[in-house]
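Data block below; observations after.
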Amino acid sequence: MIKIHVTSVPVDNQDKALKFYTEKLGFIKKTEVPMGEYKWLTVVSPNEQNGVELLLEPMAFEPARVYQKALKDAGIPYTSFMVADVAKEHERLTGLGVTFSMEPREMGPVKMAILDDSCGNNIQLVQML
Amino acid sequence: MTSATKTYFEIQLDQLLKEHYLPEYYYVQVRQSKAFMERYLSEKIELEKIASTAFMSRFHYTRIFKKVYGLSPRQYLKDLRMNKGKELLKQGLTITQVCFDVGYDSLPTFCNAFKKATGFSPGEYQHRNKSNPE
């Protein structure tokens with residue numbers, strides 16, 4: 001059976017991203033393999049440590065940088081993470097200094113909010129209602 | 001946030017909500033039925049009963065549920081039961097106990113459904129997750 005093993009977000013600085021994704025969002029570092037100037041750096045959810053890994057991918061390709069900036073400027077999320085309670089996460093993260101471009105709002109079967117990951121991306125938090 | 005300060009993305013969401021989404025009360029009603037399934041997944045529950053918690057007929061309910069969540073209520077309930085089953089197997093409960101706790105009254109039916117959903121028999125799943133804890 002095929003399954004998703006790794007997915008990625010492009011980040012402008014891997015060390016800064018690791019700090020944000022672990023200390024603020026609450027992921028856990030899984031792998032850190034040096035690869036020349038950059039590294040293969042992944043994080044996982046604490047509840048699914050053998051689950052899908054999120055690769056904090058260095059943004060080192062100029063056309064991708066243009067794409068990332070266009071998404072960011074339009075408020076479009078690069079990717080989306082599931083949480084149990086969007087309002088609580090919004091409150092917790094705001095308290096940690098994280099900024100949101102969209103406050104929690106209901107959209108049919110989900111509640112969602114969009115935060116700035118400080119590494120060049122909008123990230124959507126989703127709660128199934 | 002006013003429309004002047006909304007991002008392009010949020011303006012698109014507003015438009016989608018206005019033009020393509022169902023009226024709000026449908027979501028509220030369907031959510032009630034979803035909560036009902038989550039609460040009573042260990043019991044034998046009929047589709048009519050689930051639909052009644054959303055104040056809809058069985059056929060209308062099935063159609064609306066699928067439109068909202070992208071799968072049938074029957075499949076949703078099955079997924080719910082399988083996820084709960086995985087959780088209980090990881091906790092070390094016996095397969096028979098898990099079978100009853102997730103609303104099945106036949107062990108072979110549960111084992112077949114579990115294998116179909118996860119690719120593993122309940123026993124294999126429990127063994128893998130005991131030796132490789134998450």
- Note on the structure: Heads up, the protein assembly as shown by the C-alpha gyration tensor (a ≥ b ≥ c square roots of eigenvalues; a/c under 1.5 rounded, else a/b over b/c prolate, else oblate) looks oblate
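For B:Lys90 and A:Leu96, FRET efficiency with R0 = 30 Å and r from the beta-carbon atoms, rounded to 0.05?
Given R0 = 30 Å and the Cβ-Cβ separation, E is 0.45.
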- Let a ≥ b ≥ c be the square roots of the eigenvalues of the Cα gyration tensor of region A:6-128; is it rounded (a/c under 1.5), or, if not, prolate (a/b larger than b/c) or oblate? oblate
- Please report how far the C-alpha centroid of region A:95-129 lies from that of region B:55-93, rounded to the nearest whole angstrom. 26
- Under the Karplus curve 6.51 cos²θ - 1.76 cosθ + 1.60, θ = phi - 60°, whole-Hz ³J(HN,Hα) for region B:72-81, x wherever Gly or Pro sits: 6, x, 4, 5, 4, 5, 5, 4, 4, 5
- Query: How large is the helix-only mean residue ellipticity at 222 nm for chain B, computed as the sum of -39500 (n - 2.57) over DSSP H runs with n ≥ 4, divided by its residue count, in deg cm²/dmol to the nearest 500?
  - Reply: -21500 deg cm²/dmol
- Note on the structure: If one compares the long axis through the Cα atoms of helix A:62-74 with the longest principal axis of the Cα atoms of chain A, the angle in degrees, nearest 10, works out at 10
- Query: When only C-alpha pairs under 8 Å and at least 6 residues apart count, what is the relative contact order of chain A, in percent?
  - Reply: 25
- Query: So what J values fall out for region B:111-117 if you push phi through Karplus, 6.51 cos²θ - 1.76 cosθ + 1.60 with θ = phi - 60°, rounded to Hz, Gly and Pro as x?
  - Reply: 4, 5, 5, 5, 5, 5, 7
- Message: Expected output is a single nm value to one decimal: the length gained when fully extending between B:Glu124 and B:Gln75, i.e. 0.36 nm times separation in residues minus the C-alpha distance. What is it?
- Response: 15.3 nm
- Query: Taking the Cα atoms only, what angle lies between the long axis of helix A:86-95 and the longest principal axis of chain A, rounded to 10 degrees?
  - Reply: 60
- Task: Tell me which residues come under 5 Å, amide H to amide H, from A:Ile76 once H is placed; ignore anything under 5 positions away on its chain.
- Result: B:Phe9
- Note on the structure: Helix B:122-131: inclination vs chain B longest Cα principal axis, degrees, rounded to 10, gives 90
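Using only alpha carbon pairs under 8 Å that are at least six residues apart, calculate the relative contact order of region A:1-70 and give it in whole percent.
36
The numbers here are math on the coordinates, done by the rules we state, and not lab data. No experiment lies behind these values; they were computed from the predicted model shown. Heads up, the Cβs are rebuilt from the backbone with ideal geometry, glycines too, and the neighbour counts pull from every protein chain shown.
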